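Step one of this worksheet: look at the structure below.
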Amino acid sequence: MKVYLDNNATTIVDPQVFAEMEPYFVQRYGNPNSLHIFASDTHPGIKAGMERIYAGINSPREDSVIITSCATESNNWVLKSIYFDQILTGKKNHIIVSEVEHPSVIATAKFIESMGCKVTYLPINSEGLIEAQSVEENITDKTALVSVMWANNETGAIFPVEEIGAICKKHNVPFHTDAVQAIGKIPVDVQSFNVDYLTFSAHKFHGPKGVGALYMKKGKELMPLLHGGSQMGGYRSGTLNVPGIVGMGKAMEQAIDALDYEMSEIRKMRDAFEDELLKIEDTFVVTPREKRTPNTILISFRGIEGESMLWDLSRAGIGASTGSACASEDLEANSVMEAIGAAEDLAHTAIRFSLSRYTTQDELDYTLKVVNAAVIRLRGISSSYAYAPAGHESGLDAH
Ligand SMILES: Cc1ncc(COP(=O)(O)O)c(CN[C@@H](CS)C(=O)O)c1O
């Protein structure tokens, strides 16, 4: 049996998405900017795709949705554009990000920090959450941007985007939110909260890899980073990824259609699976489930190195992760567990299970059996693990 439970890393392309994309590889393959029938054959697909993307985030047509290659590019673009336009010119000198943003935000913040920008890294609390008030406490009249993700990719923690958006509006500071882990999991509506920039990737909600987007509210600034043929209204040059736009549009439409299922049935399956996992001794989940996206569990198994657990799971045909895929290669502790101050022997033992609408109960039942066997085997050979006496201080409260 093969079980895929790493959907926060990437997802399977929905068959209907693939079917809609295929003609734009082999029949309607013209360059949309050419002046002939092969180009105009692509235009209806592009238009429909863009319409679906706008509708998926409830964006008014007067705002901009710019197609990029992925969320990493989109996140880099927002921060570097602010740097060029506001920091380099001396108008402002500071940005605010959370300390648990995706590396594409953190690394970019550190890059512009090395170029002279002041950066505040907002701490998370013991539940892995950002407190909106910490944003207001750090905003100054020189703050050029606040960038806080809608939902965290490792814990699933949902951050207070509405409150942060209101604080940014009050102080007239642009607000960017990385919505990669929110779209398709919880409602994302750019008109309900004060969001100026929003970024996402298609491959997180059953669309293709290699295509993402950057939403920008009308009246906001964005400095082009790619110059050339002036596609995307001059914001991002380069021949349009027609199959990608078509695929992301269809995936977005399906994600919205499946949102109720995700937020009810997937949540129920996740909660029941988590309840069973927490019956295993010395296990800990950081963020309370009502404050998380419905598909994610980050759970620590004291005494078991995360990579060892992954190995046992993978041998049984199960795909999970120790946190974000980007950080999976190293044996470092889970960054979010470290950020909440988890004890050392917990920070290295986190496993992330992330479900999707394709996950079945049989798959979770099978996974639970494999996890139980792995815990017994790995704790049995652990030189450091001894079943803790009752009341042992864990550094985390079992949820
Ligand atoms: C919140 C968030 N923001 C940006 C990205 C980057 O998406 P790309 O399409 O790969 O550029 C990701 C991708 N997180 C994967 C791979 S590191 C994970 O395993 O958690 C993300 O979760």
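Nothing in this text is a laboratory measurement; each read-out follows from the coordinates by a stated rule. Since the structure is predicted, the reported quantities are computational estimates derived from the model, not experimental observations. Note that each Cβ is placed from the backbone with ideal geometry, even for glycine, and that neighbours are counted across all protein chains shown.
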Using a Cα-Cα cut-off of under 14 Å, which aspartates and glutamates could be cross-linked to Lys209, ignoring same-chain neighbours fewer than 8 residues away?
Asp14, Glu73
Within the chain, which is the longest segment containing none of the trypsin sites (Lys or Arg not before Pro) that sit in a DSSP loop and have at most 16 other Cβ atoms within 10 Å?
280-399
Restricting to the chain, compute how many DSSP beta bridges are antiparallel as a %, nearest 5.
55 percent
Comparing Gln86, Gln254, Gln133, which has the greatest mean-square fluctuation in the GNM of the chain with Cα pairs linked when under 10 Å apart?
Gln133
Kirkwood hydrodynamic radius for the chain: how many Å is it when counted over pairs of different Cα atoms?
22.0 Å
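Could you sort out which of Lys110/Lys170; Lys110/Lys220; Lys92/Lys204; Lys170/Lys217; Lys80/Lys218; Lys142/Lys169 sit more than 25 Å apart by Cα distance in this structure? Working shown, then result.
Details: Lys110/Lys170 27 Å; Lys110/Lys220 23 Å; Lys92/Lys204 34 Å; Lys170/Lys217 17 Å; Lys80/Lys218 19 Å; Lys142/Lys169 15 Å.
Distance filter (> 25 Å) returns Lys110/Lys170; Lys92/Lys204.
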Explain nothing, just the number: relative contact order of the chain, from Cα pairs under 8 Å at least 6 residues apart, as a whole percent.
22 percent
When the chain is treated as a Gaussian network with springs between alpha carbons less than 10 Å apart, the largest mean-square fluctuation among His203, His348, His227 is found at His227
³J(HN,Hα) computed for each position of segment 59-65 - Karplus, 6.51 cos²θ - 1.76 cosθ + 1.60, integer Hz, glycine/proline x:
8, x, 5, 6, 7, 10, 10
Placing each pseudo-label 7 Å from Cα in the direction of the beta carbon, Lys2 and Lys170 end up separated by a distance in nanometres of 5.1 nm
Interchain or long-range residues, amide H under 5 Å from Arg292's placed H:
Ile158
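Working from the alpha-carbon coordinates of segment 145-198, get Rg over Rh, Rh being the Kirkwood radius. Display every interim value, and only then the final one.
Details: Rg = 10.5 Å, Rh = 11.0 Å.
Rg/Rh for segment 145-198 comes to 0.95.
How would you rank Met248, Met337, Met50, going from fewest to most other Cβ atoms within 10 Å of each one's own Cβ?
Ascending Cβ contact count within 10 Å gives the list Met50, Met337, Met248.
So between Phe111 and Ser34, what do we pick up on full extension, going 0.36 nm a residue minus the alpha carbon distance? Kindly include the intermediate steps, with their values, before the conclusion.
Working: separation 77, 0.36 × 77 = 27.72 nm, distance 3.79 nm.
Taking 0.36 nm per residue and subtracting the Cα distance, the gain is 23.9 nm.
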Based only on other Cβ atoms within 10 Å, what is the fewest-to-most ordering of Phe301, Phe38?
Phe38, Phe301
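Between Ala272 and Phe84, what's the calculated FRET efficiency when r is the beta-carbon distance and R0 is 56 Å? Round to 0.05. The partial results should precede the final answer.
Working: r = 49 Å, r/R0 = 0.88.
So the FRET efficiency works out to roughly 0.70.
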Could you work out which residue, out of Pro60, Pro294, Pro174, moves most in a Gaussian network model of the chain, that is, has the largest mean-square fluctuation with Cα springs under 10 Å?
Pro60
What list of ³J(HN,Hα) couplings, whole Hz, do you get for segment 172-182 from phi and the Karplus terms 6.51, -1.76, 1.60, once you set θ to phi - 60° and write x for glycine and proline?
6, 10, x, 10, 10, 10, 7, 9, 3, 8, 9
Long-range amide H partners of Ala151 with built H, under 5 Å
Phe159, Gln181, Ala182
Between Asp189 and Lys91, how many nm apart are label points set 7 Å from Cα along the C-beta direction?
3.1 nm
Given the rule -39500 (n - 2.57) for each run of at least 4 DSSP H residues, summed and divided by the residues of the chain, what is its mean residue ellipticity at 222 nm, to the nearest 500 deg cm²/dmol?
-10000 deg cm²/dmol
What is segment 276-328's relative contact order, in percent, from Cα pairs under 8 angstrom and six or more apart in sequence?
25 percent
Charge dipole of the chain built from unit charges on the beta carbon (Lys, Arg +1; Asp, Glu -1), centred at mean Cα; most positive-end Cα among Phe193, Ser40, Ile299 is Ser40
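Using a/c under 1.5 as the rounded threshold, could you call segment 183-231 rounded, prolate or oblate? The axes a ≥ b ≥ c are square roots of the C-alpha gyration tensor eigenvalues, and prolate needs a/b larger than b/c, oblate otherwise.
oblate
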